[in-house]
Every structure is written in C-alpha cells, then in structure tokens.
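A short worksheet on the structure shown next.
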Amino acid sequence: MEVMPNNSPEPTADVSYRSAVAVHVASRLWLSFCVMSIKPFLLLTCLLLASGCVTTSQKDQFVGTWKTKEINIYLRFYADGKAAQWDERPQYTGGAVWAKFHDGTITFHDWDANLMRRGSTLVMQSESGDYVFYRLPHDLEPPKMH
C-alpha cells in the first residue's frame, strides 16, 4: 500500500508545532528587545521628573502667608519668587517691604536672611536674630503703602 502525499491546505501536526515554537521564540525576542530599549528611557524620564519635583517642592514649601506668634509680623511668599513682609504693630505703618527668595534665602533691599523649615514652622535667621513663623490656613495680601 502506497501513502498518498498530504495536499490539504491545513497544516500537519509537525508543521503547526514548528510554527508555534517559532512564534513563541520570536515573541520572546521581541519582548526582550522592547524591555531592554525602554529601560534606559524610563530611567531617564523618572530621574528628570524627580529632579524637577525637588526644585518645585523646595520653592513651594514657602509659598503662602506666615505669621509670628508673639508679634504681628507677616511674611507672604509668592510662587514667582517674590516675598513681602509687613508688621501690623501700631508703630509700623509704612506698608510692606518687598523681597526675593530663592534656595532658602530671602533678600530684602539692604539685608538678607536664611529660611529653614522646622516641622510646621518657618525660621528666618538674620543678623538681628531668629523669627519663628507659623503658616496661616488662608493667604493674606500685604497692605498698600500709606
């Protein structure tokens, strides 16, 4: 008895097994390639985002209105790096003194001070001493010049 060749359009078991193995190997190689090529991109993206967040949060930690507990001295920090200080004691009626702040330093017209966060407080250290400020839950705008 003679065996007739298989002319059917359907693949034989041997051919379909080899095709499945080839697809499996090719998909593993493709996946490996994608993972290896994406890893450096993701790492670089994460590093850039993390460095940007540190800079932003460092500045944002001061933005808002702060007040001393003992006397009515206020500091108002703005997101653009400007700051205002004013005093509501009766002997001080000159309005606000404007400054710039950057990297933990506040610079007024003729003096500067270091700014440090200690828990929920802000400490302003200058040659004339330390002032401890507490964050107000709402923002106040400095008074206009009289």
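Values in this text are rule-based calculations from the coordinates and carry no lab data. Since this is a predicted model, take the numbers as computed values, not measurements. Ideal geometry is used to build each Cβ from the backbone, glycine not excepted, and the neighbour counts take in all protein chains shown.
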Rounded to the nearest 20 debye, dipole of the range 81-146 from Cβ charges on Lys, Arg, Asp, Glu: 200 debye
Charge tally in the Cβ shell below 11 Å around ALA113, where Lys, Arg are +1 and Asp, Glu are -1, ALA113 excluded: -3
Cα→Cβ-extended label distance, 7 Å offset, between VAL97 and ALA79, nm: 2.8 nm
